[in-house]
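In what follows, a structure is listed as structure tokens, so that the remarks can point back to it.
The values are calculated or read from the model by the stated rules, or taken from the named source; none is laboratory data. Since we're looking at a predicted model, the values are computed, not measured. A quick note on method: Cβ atoms are made from the backbone with ideal geometry, for glycine too, and the neighbour counts reach across all protein chains shown.
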2 protein chains.
Amino acid sequence: MKPIQVGLLGIGTVGGGTFTVLSRNEAEITRRAGRPIRIVQVADKNLELARRVTGGTVALTDDAFAVVNDPEIDIVVELIGGYGIARELVLKAIENGKHVVTANKALLAVHGNEIFAAAQKKGVMIGFEAAVAGGIPIIKALREGLTANRIEWIAGIINGTTNFILSEMRDKGLPFDTVLKEAQRLGYAEADPTFDIEGIDAAHKLTIMAAIAFGIPMQFDKAYIEGISKLQAEDIKYAEQLGYRIKLLGITKRRQLDGKTAIELRVHPTLIPARRLLANVEGAMNAVLVQGDAVGATLYYGKGAGAEPTASAVIADLVDVTRMATADPENRVPHLAFQPDAVADLPILPMAEVESGYYLRMRVDDKPGVLADITRILADQGISIDALVQREPAEGEQQTDIILLTHVVREKQIDAAIAQIEALPVVSGKIVRLRLEALS
Amino acid sequence: MKPIQVGLLGIGTVGGGTFTVLSRNEAEITRRAGRPIRIVQVADKNLELARRVTGGTVALTDDAFAVVNDPEIDIVVELIGGYGIARELVLKAIENGKHVVTANKALLAVHGNEIFAAAQKKGVMIGFEAAVAGGIPIIKALREGLTANRIEWIAGIINGTTNFILSEMRDKGLPFDTVLKEAQRLGYAEADPTFDIEGIDAAHKLTIMAAIAFGIPMQFDKAYIEGISKLQAEDIKYAEQLGYRIKLLGITKRRQLDGKTAIELRVHPTLIPARRLLANVEGAMNAVLVQGDAVGATLYYGKGAGAEPTASAVIADLVDVTRMATADPENRVPHLAFQPDAVADLPILPMAEVESGYYLRMRVDDKPGVLADITRILADQGISIDALVQREPAEGEQQTDIILLTHVVREKQIDAAIAQIEALPVVSGKIVRLRLEALS
């Protein structure tokens, strides 16, 4: 059977990995797909690099539109990244009736609604397994493996850079800035690490997972995003003492509020019990925990980035398209798990309404009655305390730290309580507030 | 659109769960599948039970063949179990052009080659996600999510009963028999627990995973199967002291031997490093670790049994069939991941040729030179020792235990060494030998 003709846009890390794995495992992949899948054209601004990676075996161009417009190409693989030219290329490929495979989480989280609508209209497939959690087939699990379930929530470690940094901070007791520099030196963090460390990359991936878990449009602009750059080493240490680890989690949850369903969509550092599998996902690894009403909790773990792990997901999509391209487009696996006419317009919940446990650390005068004042304020707000540690002040020290964990409350309640506690004359400075999830 | 008409054979635990979840989540499932999926007929010997579960909303019969022969039925769900009547019903359903969804691992492991060949010929789909690891979508991951990879090995905790028993033995330091009784009382083990505790159920599931991971026929009769009923509490304790946990693993591995590829296929109690995620899978949970050449290690975790978790997998298959039934049968996801004409006839490796690390425990006289004799025998067989513990003999005791871990060797080498060591006059009785996998 004639090989599937693939046009590859961008031959950087993931593009190179895709080329390598497709070549190395050609026999195995053909046995699975039923016909060979070949990259026959590569577009990259850096023709020299493209020549080096491909060994001169395929047609090269620096004009990505030439690939997208080539009638010989069956599937376009977009690995350029970003929202600009990538969006134009993907839309053009769709317009030309080509299937598209992309690893571009930013593009899908921000322009996904437009792109999937165009693909649906044209009857072409969009594969995006590589956009979330690298080589872990989490999109497939959510879109196809868990279709029996009403998904209740998802909590994921979906950014390897930040998980590496947090693991190192905990292991070595080092501050954020030091570990970030180390991560940059080792290639785990980019020169400009903003997208990773501020949680933006994780929020892109979370937006995509929420869409296919709940059948809602992509709503990246509604996501709450808090990174790890302000996280302090002492909070990691205190959390540890209380039996918790701090992870940057992407959390999306179905909630009932005043009789209506709404969706929580949030990325932030989170305390989780140290005995949970998710707490033991170390280094640059990713893991996603999904709670379904029938299946209960399932967890998916693996490498969330890197050339070959991401290529694994890109190629899985190529095989999927190859296997299923003949299916009636109206009766195929829907791009976003739910049928396009069955998308629900559920609102994203404002953070004030989100419910969570909380970790609070505050600096207080070491004198009688302080604890009574603080616990009184919490009680008045209806907040129960789950654990409390008061550090023994050092010899001659006038102040000490109080660390406490609360049961689940609404965020506006804890914020109201924090404002009152900070106003107490015995409390110095701002209270550190982190969210806590039991994941049970 | 007309609902998909499902005929359900067997309304026991999983059948009941399937009925319940399909009803409860009908709206959500329809949004995903594009049309309603309805159980319209149920066959069960126990009509009273069927009436109670279904509430009288569907046609009931005690004749399963009536369902299989009914031209109105689109998909037959086989949840009867066993190799006898279930095989006849499945083959008849295929002959009648119906798609089949089954949770019957025994049937597929033993008669899968015949069943899948019949389905291929008829152009119908066979869904069997529920046959392995309950609600965890591991079949989908292997068949579709990891298609880019040359799978190197799989190691799985794929029997909840035995994992529950091993967790309890370790936690409470209790012997096997006591914990088995407790498991039976709690409903984690059957009245006749043989299939579970002797590893047969795990071997069925492993056989299926090996087939779709490597593209080989089902070869259950070649699997090596060793259960946990002879496992002693003290070995769990010694393993713990050395930093290991003992799990009943199903292991399948691609191996090169004399320039030819062969497959290891084995179920047995296995020491694994305590810090691995797999070692921390407790109670009745399942988890499967898959090593692919591109993606590296990925892990899939969840409930491996129970009414609704298994129903989750059954219904995912129903949705898959509903979504993809229109695809050209020659160009659809192949049942066993590889195209039927691309199946490889790789042999299963005899256990003598399997390579593994080993844990040995032996009872020896407490006198000088014993250790030298033992280590000399191991050295002569080319076996290196990774760790060794000699228990301090109690006051007045003449004998003591030596526990040692070896590096990876071929099983026939360790067995030869064991025979020589057992022949030493200073060694009493049989040596306990367990396998050890680093999983790295």
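Values for this structure:
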item	result
Any chance residue B:10 is among the small types (Gly, Ala, Ser) and closer than 23 Å to residue B:204 by Cβ	yes
Residue B:65 of a type outside the set (A, V, I, L, M), away from chain A (no Cβ under 14 Å), surrounded by 20 or more Cβ atoms within 10 Å (Cβ to Cβ) and over 23 Å from residue B:20 (Cα atoms)	no
Positions within the range A:405-428 being assigned to a strand (DSSP E or B) and in contact with a helix residue (DSSP H, G or I) (Cβ under 8 Å, 6 or more places away or on another chain), in sequence order	A:406, A:410, A:427
Selection count, the range B:185-205, where residues are at positive phi and out of contact with any Asp or Glu (no Cβ under 8 Å at 6 or more places or on another chain)	1
Residue within the range A:257-265 that is in a loop (DSSP other than H, G, I, E, B) and outside the structural domain of residue A:8 (by TED's automatic domain parsing) present	yes
The range B:20-31 residues that are more than 7 Å from chain A (Cβ to nearest Cβ), paired with ones that are among the acidic types (Asp, Glu) and part of a helix (DSSP H, G or I) (beta carbon under 8 Å, 6 or more apart)	B:20/B:308
Residue in the range B:389-398 that is in contact (Cβ under 8 Å) with a residue 60 or more places away in the chain and assigned to a helix (DSSP H, G or I) present	no
Any hit, the range A:41-54, residues being away from every other protein chain (no Cβ under 14 Å) and in contact (Cβ under 8 Å) with a residue 40 or more places away in the chain	yes
The lone exception for residue A:293 - which of (1) acidic (Asp, Glu); (2) in the same structural domain as residue A:211 (by TED's automatic domain parsing); (3) modelled with pLDDT under 90 it fails	(3)
Those residues of the range A:357-381 which are over 15 Å from residue A:421 (Cβ atoms) and surrounded by fewer than 18 Cβ atoms within 10 Å (Cβ to Cβ), in sequence order	A:366, A:367, A:368
Among (1) within 20 Å of residue A:201 (Cα to Cα); (2) in the same structural domain as residue A:8 (by TED's automatic domain parsing) - the single one residue A:117 does not satisfy	(1)
Single unsatisfied condition, residue B:345 versus (1) crowded, with 19+ Cβ neighbours inside 10 Å; (2) assigned to a loop (DSSP other than H, G, I, E, B)	(1)
Test: residue in the range A:36-45 that is surrounded by fewer than 16 Cβ atoms within 10 Å (Cβ to Cβ) and more than 21 Å from residue B:213 (Cα to Cα)	yes
Residues of the range B:109-130 satisfying the condition of being within 12 Å of chain A (Cβ to nearest Cβ), small (Gly, Ala, Ser) and part of a helix (DSSP H, G or I)	B:130
Positions within the range B:320-340 being more than 7 Å from chain A (Cβ to nearest Cβ) and part of a helix (DSSP H, G or I), in sequence order	B:321, B:322, B:329, B:330, B:340
Top-ranked residue in the range B:280-295 [being within 18 Å of residue B:210 (Cβ to Cβ) and either surrounded by fewer than 24 Cβ atoms within 10 Å (Cβ to Cβ) or without any contact (Cβ under 8 Å) to a residue 24 or more places away in the chain (or both); ranked as farthest from the other protein chains (Cβ to nearest Cβ)]	B:291
Any helices (runs of 4 or more DSSP H) falling wholly within the range A:23-107 and containing at least 3 residues that are more than 20 Å from residue A:129 (Cβ to Cβ) and modelled with pLDDT of 95 or more	A:47-54, A:64-68, A:85-95
Criterion (away from chain A (no Cβ under 14 Å), loosely packed, with under 14 Cβ neighbours inside 10 Å and aliphatic (A, V, I, L, M)) met by exactly one of B:417, B:394	B:394
Given (1) more than 14 Å from chain B (Cβ to nearest Cβ); (2) closer than 27 Å to residue A:264 by Cα; (3) not in a helix (DSSP H, G or I), index of the condition residue A:364 fails	(2)
All positions within the range B:131-163 that are among the hydrophobic types (A, V, I, L, M, F, W, C), facing chain A (nearest Cβ under 10 Å) and assigned to a helix (DSSP H, G or I)	B:138, B:139, B:141, B:142
Per-region count, the range A:296-319, residues assigned to a helix (DSSP H, G or I), within 23 Å of the chain's Cα centre (by Cα) and within 7 Å of chain B (Cβ to nearest Cβ)	6
Test for residue B:354: is it more than 30 Å from residue B:231 (Cα to Cα) and surrounded by 14 or more Cβ atoms within 10 Å (Cβ to Cβ)	no
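Residue-wise test of (1) assigned by TED's automatic domain parsing to the domain that holds residue B:292; (2) without any contact (Cβ under 8 Å) to a residue 60 or more places away in the chain; (3) buried (at least 24 other Cβ atoms within 10 Å of the Cβ); (4) over 21 Å from the mean Cα position of the chain (by Cα).
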position	(1), (2), (3), (4)
B:82	no, yes, no, no
B:90	no, yes, yes, yes
B:97	no, yes, no, yes
B:107	no, yes, yes, no
B:113	no, no, no, no
B:127	no, no, yes, no
B:159	yes, no, yes, no
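Here's the yes/no breakdown for (1) in contact (Cβ under 8 Å) with a residue 24 or more places away in the chain; (2) surrounded by fewer than 19 Cβ atoms within 10 Å (Cβ to Cβ); (3) closer than 22 Å to residue B:271 by Cβ:
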residue: B:169; (1), (2), (3): yes, no, yes
residue: B:175; (1), (2), (3): yes, yes, yes
residue: B:186; (1), (2), (3): no, yes, no
residue: B:192; (1), (2), (3): no, yes, no
residue: B:205; (1), (2), (3): yes, no, yes
residue: B:223; (1), (2), (3): yes, no, yes
residue: B:229; (1), (2), (3): yes, yes, yes
